[in-house]
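Worksheet: the structure to be examined is printed underneath.
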Amino acid sequence: QVQLVESGGGSVQSGGSLRLSCAASGYTYNNYCMGWFRQAPGKEREGVATIASGGLTIYADSVKGRFTISRDNAKNTMYLQMNSLKSDDTGMYYCATGPASYSGGYGNTYCSAQLKRYSYWGQGIQVTVSS
């Protein structure tokens, strides 16, 4: 029902920047959560950042202050701006969308980083950071 395609990956040196894009097509849901996940060689897939339809975001501690997630609901596109890249950021990056929202209290809606909450996944794109 939903197709996701990542773009913008590549190879950069430590301290460099990359901007990933995720284009959604098919039957999309503007109220769905969107998130970026990554998987390094020999490690499990982990959440990088999530963004709710209302714009509230959550970042993994390892990328906080360096990465910025955003979304354009009208264009069904999500972005991940990655600055000050480190060798530990190397891996396959996946975008995903699904009904992963939860209430953080006080009317604030966030998106979970639990993989099982996401219904649709892109094919992944490689990011390599050399030291």
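The values are calculated or read from the model by the stated rules, or taken from the named source; none is laboratory data. What you are looking at is a predicted structure, and each value in this text was computed from that prediction instead of being measured. Backbone-built Cβ (ideal geometry, glycine too); neighbour counts: all protein chains shown. Quick note on the areas: whole protein, heavy atoms, side chains included, nothing else; ligands and nucleic acids left out. Shrake-Rupley method; radii C 1.70, N 1.55, O 1.52, S 1.80 Å.
Taking the options Tyr79, Tyr93, Tyr110, Tyr120, name whichever one is among the aromatic types (Phe, Trp, Tyr) and farther than 19 Å from Val2 by Cβ. Residue meeting the stated conditions: Tyr110.
Of all residue pairs spaced 6 or more apart or on separate chains, those with beta-carbon atoms under 8 Å, a first member in region 11-27 that is closer than 17 Å to Ser70 by Cα and a second member that is polar (S, T, N, Q) and open to solvent by less than 50 Å² (accessible area, probe 1.4 Å) are Ser21/Thr77; Cys22/Thr77; Ala23/Asn76; Ala23/Thr77; Ala24/Asn76; Ala24/Thr77; Ala24/Thr97.
When region 9-47 is limited to residues that are part of a loop (DSSP other than H, G, I, E, B) and of a type in the set (S, T, N, Q), the one that is most open to solvent (accessible area, probe 1.4 Å) turns out to be Asn31. Among residues of region 53-62 being assigned to a loop (DSSP other than H, G, I, E, B) and among the aliphatic types (A, V, I, L, M), the one that is farthest from Asp89 (Cα to Cα) is Leu56.
Residue count for region 48-62, restricted to those that are surrounded by fewer than 16 Cβ atoms within 10 Å (Cβ to Cβ) and either within 14 Å of Thr97 (Cα to Cα) or among the small types (Gly, Ala, Ser) (or both): 3.
For Ser84, the test of being closer than 16 Å to Leu18 by Cα and open to solvent by 60 Å² or more (accessible area, probe 1.4 Å) is passed. Of the candidates Arg66, Arg117, Arg71, the single residue that is of a type in the set (Lys, Arg) and farther than 24 Å from Gly16 by Cα is Arg117. What number goes with the only condition from (1) open to solvent by 70 Å² or more (accessible area, probe 1.4 Å); (2) in a loop (DSSP other than H, G, I, E, B); (3) on the phi < 0 side of the Ramachandran plot; (4) among the small types (Gly, Ala, Ser) that Gly65 does not pass? Tallying (1) open to solvent by 70 Å² or more (accessible area, probe 1.4 Å); (2) in a loop (DSSP other than H, G, I, E, B); (3) on the phi < 0 side of the Ramachandran plot; (4) among the small types (Gly, Ala, Ser), Gly65 fails exactly one: (3).
Whenever a residue of region 95-115 is farther than 14 Å from Ser53 by Cβ and modelled with pLDDT of 95 or more, its partners that are of a type outside the set (Lys, Arg) and open to solvent by 60 Å² or more (accessible area, probe 1.4 Å), lying with C-beta atoms within less than 6 angstrom and at least six residues away or across chains, give the pairs Ala96/Trp121. Whether a residue is farther than 24 Å from Asp89 by Cα, in contact (Cβ under 8 Å) with a residue 60 or more places away in the chain and either more than 13 Å from the chain's Cα centre (by Cα) or part of a strand (DSSP E or B) (or both) was assessed, and Thr50 does not pass this test.
The set of residues in region 87-115 that are closer than 12 Å to Phe37 by Cβ, open to solvent by 50 Å² or more (accessible area, probe 1.4 Å) and not aliphatic (A, V, I, L, M) contains only Gln114.
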